[in-house]
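Single-structure report; data block below.
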Amino acid sequence: MGGMAKRPAYLHPLDLTLVARSRDGDVVGVVDARALPGYDRVVNVTLFFDPHRARRGVAMEAYTIAGPFLFGRGVRVIHHEVLDCNTTMRRILERAHIPVQATMREHAYVAGRFWDVHVYGMDEAAWGGLERLVSSNIPSLGGRFASLGG
């Protein structure tokens, strides 16, 4: 999903990794953006946050940092491939009115079975819808969280 299985070193100026740590320094999640070879200014963004170790909302906080940074560096489209079982991310994208652009049937084998993979793409205008949706949860934008971090 989202490009190469074996990735080269971060060489493209659009590549980005944000690492979220807990107060004790343990890694609780990452936002990883990689330029998709052959697609002009398109990055695949992967979010992984351990739901047992990261506090609620930290993934979206990190994502609202990554998105504007990527668009500011010249990204044209943020691309996501989301497993059908990832109902949390699918619900967030749907609530932000980001439509599924394609569905690859039984494309990924995870946890003992094949899952559909839904493909989403956001340009900067569509990103604004996602940013508005989560902005009420970001402290710097008047939301409820007490700190940025893990």
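So the values come out like this:
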| read-out | value |
| --- | --- |
| Charge dipole of the range 16-141 about the Cα centre (unit charges at C-beta), most positive-ward option of Y39, H107, T64 | T64 |
| Debye, to nearest 20: dipole size of the range 10-143, +1 on Lys, Arg Cβ, -1 on Asp, Glu Cβ | 260 debye |
| Additional length obtainable on full extension of the chain from R41 to L11, 0.36 nm per residue less Cα span | 9.4 nm |
| Ranked by how many other beta carbons lie within 10 Å on average, peptides 60-73, 119-132 from highest | 60-73, 119-132 |
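Computed from the coordinates by the stated procedures, all read-outs in this text should not be read as laboratory data. Remember, it's a predicted structure, so these values are computed and weren't measured experimentally. We place every Cβ from the backbone using ideal geometry, glycine too, and count neighbours over all the protein chains shown.
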